[in-house]
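Q: Please see the structure below; I have some questions.
Laboratory data are not the source of any read-out in this text; all were calculated from the coordinates shown. Since we're looking at a predicted model, the values are computed, not measured. With ideal geometry, Cβ positions are generated from the backbone for all residues, glycine too; neighbour counts draw on all protein chains shown.
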Amino acid sequence: MAIGEITTIRPTLGISVERMTEHDLLEVVEIELLSGLSPWGWDAYHKELQSQQDVIMLVARTQAAGINPRETEGIAGFIISRLVAGELHVNNVAVRAEFRRQGIAAQLLAAVIDWGRRQHARMALLEVRAGNTAAQALYSRCGFQAIGRRPRYYSQPVEDALLMSLFLESSP
């Protein structure tokens with residue numbers, strides 16, 4: 001899927017996957033807070049936006065069909081990934097509760113995995129809370145496999161992380 005391609009999730013709602021901008025950060029931080037992610041906050045996301053070379057930061061933007069975009073456009077979800085030593089590290093993925101189970105997180109993952117392949121990444125890696133079975137199921141459907149466990153990786157609350165990976169086919 002090309003970044004910016006619109007895919008219909010509901011008959012009246014379009015979703016476009018686009019590069020994150022500074023103007024998106026307040027909504028991204030709000031989604032982070034509502035989703036219970038380990039907090040990065042506005043400053044960390046802003047700093048990450050400044051280092052664009054090995055980073056991909058995307059948002060899933062909503063648009064109700066036939067309505068003024070300025071009145072209805074918003075961010076349904078986001079993803080942050082970084083290329084490190086030939087590995088695509090998926091740092092954060094979150095979708096607003098009212099947009100979950102509609103394939104938005106899978107679209108965001110597909111977009112960063114595609115980008116990682118074009119950057120010749122050998123594998124994609126991510127950590128997920130051991131108790132977050134919904135996210136684990138999503139990652140498994142997207143081809144990730146659990147390869148390890150990181151004890152007490154998360155705080156607030158303290159919880160183990162499962163390390164999951166996906167081997168990517170590099171282009172010649």
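Q: So what are the ³J(HN,Hα) numbers for segment 87-99, from phi and the Karplus equation (6.51, -1.76, 1.60; θ = phi - 60°), rounded to whole Hz, Gly and Pro as x?
A: Taking θ as phi minus 60°, the curve returns 10, 8, 9, 8, 8, 9, 9, 8, 10, 4, 3, 6, 10 Hz for segment 87-99.
Q: Which residues in segment 85-114 have a backbone N closer than 14 Å to a point placed 7 Å from the Cα of Gln53 along the Cα-to-Cβ line?
A: Only 85-86 pass the distance filter.
Q: Length gain on complete extension for the stretch Trp115 to Val84, per 0.36 nm per residue less the alpha carbon to alpha carbon distance?
A: Using 0.36 nm per residue and subtracting the Cα-Cα distance, I get 9.8 nm.
Q: Starting from the amide H of Tyr153, placed 1.01 Å from N in the peptide plane, find each other amide H under 5 Å away whose residue is 5 or more places distant or on another chain.
A: Glu159, Asp160, Ala161
Q: Give me the one-decimal nm value for the distance between modelled label points at Leu34 and Asn132, 7 Å along each residue's Cα-to-Cβ direction.
A: With each label point 7 Å from Cα toward Cβ, the separation is 1.6 nm.
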